[in-house]
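Below is one structure, written out as structure tokens, with a few remarks after it.
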Amino acid sequence: MSPTDRTASSDDIEVRDYVVNQRNGVKGLVDFLTLTTLPSPYIQPPQERFTSDKILLGSPVPVIDVSNWNDPNVAREICHAATTLGLFQIVNHGIAPEELKGIIAAARGFFELPVEERRRYWRGSSVSETAWLTTSFNPYKESVLEWRDFLKFEYLPQQHNFAITWPLVCKEQVIDHFKKIKPITEKILNILINNLNAIIDESNKETLMGTMRMNFNYYPKCPEPSLAIGTGRHSDINTLTLLLQEDGVLGSLYARATEDGDKWIHVPPMPGAIVVNIGDVLQILTNDRYRSVEHCVVVNKCCSRVSIPGFCGPVHDSVIEPLPEMLENNEMARYRKIVYSDYLKGFFERPHDGKKTIESIKLP
């Protein structure tokens, strides 16, 4: 039976109910059933499927050695990448390879827990106020589901016992990884902001780096990966994302090569490397000096995959608008001001749809 022959049925409703309402996730589905075809709720429409003809060859993602943060060449490379592609990889950043492997193992450890234990963290009924699990992206609003489960953590070191109810299998590794990526994030943001003749101070610090969050993304083996998507095309809605990819799973993460056209660049996993990508907030704050990058994740028939993005962003009541320094030479603001919580609401109320959230506040 071809994908177009598959029509909505009671089986589709049962799959959605099992995955979403019964809080098993797609991991629970693949553990429960031996799948030889992709369940209909996961079959993407043809225009959303990722095909090999969309891949732009010969355009490697910049890899930047940051062993000396004070090297002017490091700043130059970071700013150039942020201006053009909106994405780059960093190596020699100071986090030991065994620590990176440890956080990946911790993420896998969580998803290998019995489903009853994972279910305790399901969004809406999680035993933790700062960690929760869900599936796809917005499973209650999407007509087609993404082939992914994820556990989200919120880092609140100023609050006593903020992580006390986190899963024991990964709690210490998550806290340590937050502590390790925070100073790296601050160094990169300082470089990017200083390059624009601005500084990070009390007037903008909470907007640029007021919050830290992290995901454990889990992409199970997929019986028909050409019909599915792991994470749909989107740009991140924060300031800066530092992503750790699991070594060895090629052909997973892709970034849109240019703002126009449908060509994508592969972002290969590299041992010891961290992928850095610009988010919408930084594009807005810099009035388009830096570019948030649209990206997506495809899935694999032969193996599962883990990735761990760390998100740096504003506090919820921050007002997002171009920084004053960006408008000093009578330049017109390209975005209307918006409270960040409203921006978040707009993003999470619909499925992944490219960069439509940032486009929605662009001034004519």
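The values are calculated or read from the model by the stated rules, or taken from the named source; none is laboratory data. Keep in mind that this is a model prediction, so the values were computed, not measured. Methodologically, a virtual Cβ is constructed for each residue, glycine included, from the backbone with ideal geometry; neighbour enumeration extends over all protein chains shown. These accessible areas exclude ligands, DNA and RNA; they are computed on the full protein's heavy atoms, side chains included. Shrake-Rupley method; radii C 1.70, N 1.55, O 1.52, S 1.80 Å.
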**Fill in**
Per the Kirkwood formula over distinct C-alpha pairs, the hydrodynamic radius of the range 215-267 in angstrom is 13.3 Å
**Message:** Need one number for the range 115-161: average projected area of the convex hull over its C-alpha atoms, nm².
**Reply:** 4.1 nm²
**Request:** Please check which bits of the range 181-198 a label hung off Asp288 would reach, taking the label as a point 7 Å along Cα-to-C-beta and the cut-off as backbone N under 19 Å.
**Result:** 196
**Message:** If I take the Cα coordinates of the chain and project them onto the principal axes, what are the three extents in Å, biggest first?
**Reply:** 61, 46, 37
**Message:** Per 0.36 nm of contour for each residue apart, how much would the distance between Glu116 and Glu48 grow if the chain were fully extended, relative to their Cα-Cα spacing?
**Reply:** 21.2 nm
**Item:** Shape parameters for the range 287-350, alpha-carbon atoms, Rg then Dmax in Å
**Value:** 16.9, 55
**Item:** Percent RCO, i.e. relative contact order, over the chain, from Cα pairs under 8 Å lying at least 6 residues apart
**Value:** 21 percent
**Estimated vicinal HN-Hα couplings, Hz - the range 353-359 in sequence order (Karplus 6.51, -1.76, 1.60; Gly, Pro = x)** = 8, x, 10, 5, 5, 5, 5
**Message:** Place a point 7 Å from the Cα of Ile175 along the Cα-to-Cβ direction; which residues of the range 292-333 have their backbone N under 14 Å from it?
**Reply:** none
**Prompt:** Bin by bin, in steps of 10 Å, what percent of the Cα pairs in the range 152-246 do you find, going until the bin that has the longest distance?
**Reply:** 12, 36, 31, 17, 4, 0
**Item:** 3J(HN,Hα) from dihedral phi, the range 63-71, Karplus parametrisation 6.51/-1.76/1.60, rounded to Hz, x for glycine, proline
**Value:** 10, 10, 7, 10, 4, 10, 5, 7, 5
**Item:** Apportionment of accessible area to carbon and sulfur, the chain, percent (1.4 Å)
**Value:** 52 percent
**Item:** Asn238 long-range amide H proximity, modeled H, under 5 Å
**Value:** Asp280, Val281
**Request:** State in Å² the accessible area per residue of the range 1-144; use a 1.4 Å probe, count heavy atoms of protein chains only, and round to the nearest integer.
**Result:** 53 Å²
**Asked** Which ³J(HN,Hα) values in Hz, rounded to whole numbers, follow from the phi angles of the range 123-140 under the Karplus curve 6.51 cos²θ - 1.76 cosθ + 1.60, where θ = phi - 60° and Gly and Pro get x?
**Response** 4, x, 9, 5, 6, 10, 7, 10, 8, 8, 10, 8, 10, 6, 10, 9, x, 8
**Request:** Work out, step by step, the length gained on full extension between His80 and Arg350: first 0.36 nm times the residue separation, then minus their alpha carbon distance; give nm to one decimal.
**Result:** 94.0 nm
